[in-house]
Every structure is written in C-alpha cells, then in structure tokens.
Amino acid sequence: MAKHQIWFAFAALALFLSSAVADDVVVLTEENFEDEVGQDRGALVEFYAPWCGHCKKLAPDYEKLGSSFKKAKSVLIGKVDCDEHKGVCSKYGVSGYPTIQWFPKGSLEPQKYEGPRTAEALAEFVNSLGGTNVKIASIPSIVVVLSPDNFNEIVLDSSKDVLVEFYAPWCGHCKNLAPIYEKVAAAFKLESDVVIANLDADKYKDLAEKYGISGFPTLKFFPKGNKDGEDYDGGRDVGDFVNFINEKTGTNRDVKGQLTANAGIVASLDSLVKEFVAASNDAEKKNVYSKMEVEVGKLSGSPAKYGKIYLKSAKKCLEKGGDYAKSEIERIQRILEKAVSPAKADEFTLKKNILSSFVQSS
C-alpha cells in the first residue's frame, strides 16, 4: 500500500472513531426518530434550527441536561435539526424554535414544554414526568481565572502563550461564549505552554482599562514574544479558536483536544526519513541514521523530544526490518481504540505519526 494510502486509511479511521463517540444529547433524524422516541423510555426532544439565536442560547443548558441524564436509562434527551429534517419537525407541529416536547414512554403523542429554558427547570420537568431523580451535574471550570493578584505572573510569563477573555458577568454574549470557551480550554489542557484564561473586567475595571477594553467579551492573545497583547478578531466557534491557537503556537490539537496527524512531525527529519526508507541496504541506512543523530542534536524544546522518537523508530526499523513500522502502527491503533488516558493517547499518537513516515511505499 502506498504511503499516502496508509495515511488516508488512518485518517478515515480516526474520523470514524471520533464520529462514533456519542454525544450526551442524542441526535435525532427522520431515519432514527421513531427507533429512539416512543419506545421503552420517555424522551425530551428539542426541535431547533442552527441559525436560531434562542437555540444557541439554550445549547449550553441543554448540553448540561444531556450530560446529567446520560446514565438515566429510562429517559432520553434528544434534539432534531429542523433545517435538515423538516419532515419530522412538521409532523410534530413545530413552527418556532426552539420547541421542546416530552414524549412519554411508548407514545408518539407529545406534550409541549412551556417552562423556563434552564438546565435546572428542564431537569425538574423531566424528573416529574419520567420518574427520575436526576440532579444537574456541576462541571468545574478549567479556564484559568485571572485577577490583579495573578495577572502579570500568568499572562506576562514569557514562556507561555495566553489567550484572555475580558468579560462581564451580566453580558449575554459572554454567557453564550462561556461553554465554548470551556471547550477551548479543554482542548489545550495538556499543552503546558498554552493558557486559556479569563478576567472579570467589570470587577477589575482598572486592569481592563489598561488593555483598552471597552466592550464585552473582548479577547486578546498574549504570545510568548509579545506581551503587549494582540486582539483576537476570529470566529467564536471552538474550531475557530483551536485553529487560531494551533497557527500561533505551533500546537496540533483538534476540537476534542486530540493530537492531529501533523503532531510530532519535524520537516528536516522527515526528509531524512525518506532517504532512510529509500536506502537499499543496512549500511546506507546506518549512514542516514548518523545524519539524523546530527540533526536531532540541533533541535530544542518539543522538536528535540520528537527527534528522540524519530531516532528510536529508525533504530527499530534497522533491527526488525522494513515491516516494523507498519505492524507497530497497527498495534498502536488497537491501543488507541481502547480506553487510555489523554496523556497516554498523546504519547501513542506522536509515535504513530512519526512511524507513518517510515512506512515504505509500494
């Protein structure tokens, strides 16, 4: 199999695995609606449109609701995109968004929810009709909270790249951004040089004024080389933030915090790997290996760590033959498909990415 084909296969597998991970809120469609709803459990269903402002405002509370009821086998928390599945939304009389309906166990005759659109109120409603006693899960924040006491120590640290949200507690746009910002922080929690932080600019007005904050939320990026800060003017989706930080800091994370296929790749070493793979005998391979050792010696920081993996991989290929890289990648992939800690997943993904450079083209 050609090298690019192997890369494609692994990318496709990774995409499948990520899409196979179920959200806490069940995504309902015209195809699966009656398989999931009206069966052996009650169901709360949100009928929404992606462009709807009220739906976007409800999203963090509804997600929290789904997370809290995740283990309640007698209740399903679901949602239907009415732009995509107009038929099912029309069938249940949906004419505005969001519309929230309760479907009792074994019934497709819904009761419309008319109460407050908070996770707590929705949970009380579901508990009363579903016979459950679920409390809304409290999820601790992993965004670094700034104050005048720690601002300089964290934000002005020249060894850190820091994204700061200046917010006000009463600001609606800030409230909408909060769950997204939490996901950004989660995506980079294993990157020791990247900090996702926020500051209550209403409480600490002097500090906010120092950085010219006049509206909320305002986001500023403080890279290692510019502690004056630069405005973040990008999009407000998780992917927008993740792409921005990857581009600015050299990280390689996806929106779920997993390393991408580019993580660990060092261009200068990759070119030597091509020579190594193309070498016709062990003597030539050992000569290229020596060049790799010299190149790794020039590296520092994270590339130096990746360089050690390149050297170890090359040495194993010399000892075990040309099929080592392919078989080792397959072994690592089997491990990654099991439950492993995020730190271990990073370790194995880096090794897999680098080993992929050693797979011989056919």
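The values are calculated or read from the model by the stated rules, or taken from the named source; none is laboratory data. From a predicted model like this one, the values you see are computed outputs, not experimental measurements. Backbone-built Cβ (ideal geometry, glycine too); neighbour counts: all protein chains shown. These area figures cover heavy atoms from the full protein model, side chains too; ligands, DNA and RNA do not enter into them. Shrake-Rupley method; radii C 1.70, N 1.55, O 1.52, S 1.80 Å.
What the table shows:
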{"quantity": "Identity of the residue in the stretch 312-330, out of contact with any helix residue (DSSP H, G or I) (no Cβ under 9 Å at 6 or more places or on another chain) and open to solvent by less than 90 Å² (accessible area, probe 1.4 Å), that ends up nearest to LYS189 (Cα to Cα)", "calculated": "GLU330"}
{"quantity": "Output for the stretch 312-350, where each listed residue is in a helix (DSSP H, G or I) and acidic (Asp, Glu)", "calculated": "GLU319, GLU328, GLU330, ASP346, GLU347"}
{"quantity": "Residue that is nearest to ASP346 (Cα to Cα) [pool: residues in the stretch 238-275 that are open to solvent by 40 Å² or more (accessible area, probe 1.4 Å), outside any helix (DSSP H, G or I) and among the hydrophobic types (A, V, I, L, M, F, W, C)]", "calculated": "ALA261"}
{"quantity": "Cross-chain or 6+ apart pairs with Cβ under 8 Å, the stretch 107-123 first and hydroxyl-bearing (Ser, Thr, Tyr), then assigned to a loop (DSSP other than H, G, I, E, B)", "calculated": "SER107/GLY38"}
{"quantity": "Sole residue being among the hydrophobic types (A, V, I, L, M, F, W, C) and farther than 30 Å from SER159 by Cα, chosen from ALA314, ALA304, ALA343", "calculated": "ALA314"}
{"quantity": "Strands (runs of 3 or more DSSP E) fully within the stretch 118-226 counting 3 or more residues that are farther than 27 Å from LYS344 by Cβ", "calculated": "161-167, 194-200, 218-222"}
{"quantity": "Selection count where residues are crowded, with 18+ Cβ neighbours inside 10 Å and under 18 Å from GLY215 (Cα atoms), scope the stretch 147-171", "calculated": "6"}
{"quantity": "Helices (runs of 4 or more DSSP H) contained in the stretch 30-103 and holding at least 1 residues crowded, with 21+ Cβ neighbours inside 10 Å and not hydrophobic (A, V, I, L, M, F, W, C)", "calculated": "53-68"}
{"quantity": "Qualifying residue in the stretch 172-180 (condition: modelled with pLDDT of 95 or more, closer than 20 Å to ASP240 by Cα and either open to solvent by less than 60 Å² (accessible area, probe 1.4 Å) or among the hydrophobic types (A, V, I, L, M, F, W, C) (or both))", "calculated": "no"}
{"quantity": "Residues of the stretch 136-168 satisfying the condition of being more than 15 Å from VAL195 (Cα to Cα), of a type outside the set (Ser, Thr, Tyr) and under 25 Å from the mean Cα position of the chain (by Cα)", "calculated": "ILE136, ALA137, ILE139, PRO140"}
{"quantity": "Every residue from the stretch 273-302 that is free of Cβ contacts under 8 Å to residues at least 12 places away in the same chain and over 34 Å from the mean Cα position of the chain (by Cα)", "calculated": "ALA278, ALA279, SER280, ASN281, ALA283, GLU284, ASN287, SER290, VAL294"}
{"quantity": "When residues of the stretch 278-311 are limited to those that are exposed (fewer than 10 other Cβ atoms within 10 Å of the Cβ) and outside any helix (DSSP H, G or I), the one modelled with the highest pLDDT", "calculated": "ASN281"}
{"quantity": "Near pairs, Cβ below 7 angstrom, 6+ apart or cross-chain, from the stretch 149-165 (over 15 Å from ASP200 (Cα atoms)) to any residue that is open to solvent by 60 Å² or more (accessible area, probe 1.4 Å)", "calculated": "SER158/LYS224; SER159/ASP193; SER159/LYS224; LYS160/ASP193; LYS160/LYS224; ASP161/ASP193; ASP161/LYS224; ASP161/LYS248"}
{"quantity": "Exclusive hit being closer than 15 Å to ASP24 by Cβ and not hydrophobic (A, V, I, L, M, F, W, C), set ASP61, ASP81", "calculated": "ASP61"}
